[in-house]
Amino acid sequence: MDYVQQDLWASEYVHEQSKPSPAVPFDPLSYDRYVVFFSGGKDSLACVLHLLEIGVPSRKIVLHHHLVDGAEGSNLMDWPVTEAYCKAVADHLGMPLETSWRVGGFEQEMLRQNSPTAAVMIPDGKGGHVAHGGQGPEGTRLKFPQVSADLSTRWCSAYLKIDIGSTYLRHDQRYRSGKTLVVTGERAQESAARAKYKTCEAHRADLRHGRQHQRHIDHWRPIHAWLEEQVWDIIRRHGIRAHPGYHLGWGRLSCRQCIFGSKNQWATIRLVAPQAFESINSYEKRFGVTIQRKHSVGQMADMGTPYECEQKWIDAANAREMTMEIYVGDNWEMPKGAFGESAGPT
Ligand code: SF4
């Protein structure tokens, strides 16, 4: 049995919020629209390609990308090329790419001092964005998120991705009719915490039995049981170039300056993106609190060995535009980072 079939047949779905037990069979082809939360990494790309392979029409799929650094000019955390890479994939597959973010991104949230968390910007349905929130309680951070599986202290995942996605689904009127399937690419192989995630459940923004209005939104993790080999295999089959970060040696594509970065990654960042490295280094000194409890990013970089990076991939990763073709067909190359270090969110 191939893994397309495995996923279709093995899935059984229980509504958590609506509680219509017993379990109803899950049919991934029964939805009116599909929202793939798309980071530009291999796992979310595999999800999109998997939807196409099981027969979901591309016109029903929206790729949605959260801008971790926001759209106001901060470059503190992410790969410069990621948004352009996501757009290139969306264009190639004939799907729209939508974006959302918290105003000021990671940097503004980290620098909160007696101030509320900033508003969230979501699509306004007319090609622009509209703000939601921003009037919450005042608070102070002045330190990096903690390296932890606990999302209350690892605030970046919650404040810059999960909450943004939910705000979007709760406020966009499109999701008040029909059935929506949200698709994300967490895999059990990535961490013990992710291994416990359900393959199918009602999405946290679901409101199918709301009194004033309803939102029927389910959440599917179609590649939860996949091995990394299967992920690269589907991307190779579709001839889509992997994000340049993988070609530099990263095994997972989180933020480039991810708080979970390994010693080798910090050593590589210092080499290929010295300004970005210095920004993190200066904030650690200013806060008097390092990202990793025991070592500063400078000490981590000193202990690591930089990946051997080709200049063409450094240039591609550091660009704001995609400078290479996204579709490479039979010339597809397995990136250097595949099956390598897999530092990243747990
Ligand atoms: S990729 Fe790393 S730094 Fe970026 S939001 Fe996720 S956990 Fe935080």
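The values are calculated or read from the model by the stated rules, or taken from the named source; none is laboratory data. Quick caveat: nothing in here was measured; it's all calculated off a predicted structure. Note: ideal-geometry Cβ built from the backbone for every residue, glycine included; neighbour counts use all protein chains shown. Ligands, DNA and RNA are excluded from the accessible area calculation, which covers all protein heavy atoms including side chains. Shrake-Rupley method; radii C 1.70, N 1.55, O 1.52, S 1.80 Å.
Structure above, values below:
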quantity: Solvent exposure ordering (accessible area, 1.4 Å, most first) of Glu284, Glu308, Glu83, Glu341; calculated: Glu308, Glu83, Glu341, Glu284
quantity: Estimated FRET transfer efficiency when R0 is 35 angstrom, pair Gln311-Phe339 (beta carbons, to 0.05); calculated: 0.90
quantity: Segment 35-140 shape via C-alpha gyration tensor axes, a/c threshold 1.5; calculated: prolate
quantity: Label-to-label distance, nm, for residues given as Met303 and Ala158 (7 Å Cα→Cβ offset); calculated: 2.8
quantity: Fraction of antiparallel bridges per DSSP, the chain only, in percent to nearest 5; calculated: 45
quantity: Interchain or long-range residues, amide H under 5 Å from Arg208's placed H; calculated: Arg215, Ile217
quantity: Distance (nanometres) between label positions extended 7 Å along Cα→Cβ at Asp150 and Arg204; calculated: 1.7
quantity: Segment 3-249, accessible area per residue, ligands and nucleic acids excluded (1.4 Å, Å²); calculated: 41
quantity: For Phe339, net neighbour charge (Lys/Arg +1, Asp/Glu -1) across residues whose Cβ lies under 15 Å away; calculated: -2
quantity: Distance from segment 92-134 to segment 301-343 (C-alpha centre basis), Å; calculated: 28
quantity: Residues listed by number, segment 220-235, amide nitrogen under 14 Å from Asp330 label point at 7 Å toward C-beta; calculated: none
quantity: Normalised contact order of segment 120-255, rounded percent, pairs of Cα under 8 Å and 6 or more residues apart; calculated: 18
quantity: Out-of-range pairs (alpha-carbon distance over 29 Å; input Lys143/Lys179; Lys161/Lys263; Lys87/Lys336; Lys196/Lys312; Lys126/Lys312); calculated: Lys143/Lys179; Lys196/Lys312; Lys126/Lys312
quantity: Full-stretch length increase - Arg293, Lys60 - with 0.36 nm per residue and alpha-carbon distance subtracted; calculated: 79.4 nm
quantity: Unit charges on C-beta of K, R, D, E only; dipole of the chain, Debye; calculated: 960
quantity: In segment 269-317, trypsin sites (Lys or Arg not before Pro) in a DSSP loop with at most 15 other beta-carbon atoms within 10 Å; calculated: Arg293, Lys294
quantity: Top positive-direction residue, dipole computed over the chain with Cβ charges, set Thr323, Trp226, Phe339; calculated: Trp226
quantity: For segment 232-255 and segment 153-201, distance of Cα centres in Å; calculated: 22
quantity: Cβ-Cβ FRET estimate between Ser115 and Leu271, R0 fixed at 35 Å, reported to 0.05; calculated: 0.45
quantity: Ellipticity estimate at 222 nm from DSSP helix runs (n ≥ 4, -39,500 (n - 2.57)) divided over the chain, nearest 500; calculated: -8500 deg cm²/dmol
quantity: Cα-based reach from Lys294 at 14 Å (exclusive), listing aspartates and glutamates while leaving out same-chain residues under 8 positions away; calculated: Glu284, Asp302
quantity: For the chain, convex hull of alpha carbons as volume per residue, Å³; calculated: 138
quantity: Protein accessible area in segment 3-249, 1.4 Å probe - carbon and sulfur %; calculated: 50
quantity: Shape call, segment 147-273: gyration tensor on alpha carbons, a/c limit 1.5; calculated: prolate
quantity: Accessible-area order (highest first, 1.4 angstrom probe) of the listed residues Trp266, Trp101; calculated: Trp101, Trp266
quantity: From phi via Karplus (6.51, -1.76, 1.60), per-residue ³J(HN,Hα) for segment 242-254 in Hz, x at Gly/Pro; calculated: 6, 3, x, x, 5, 6, 7, x, 6, x, 10, 9, 9
quantity: Overall form of segment 244-346 per C-alpha gyration tensor (a/c, 1.5; a/b vs b/c); calculated: prolate
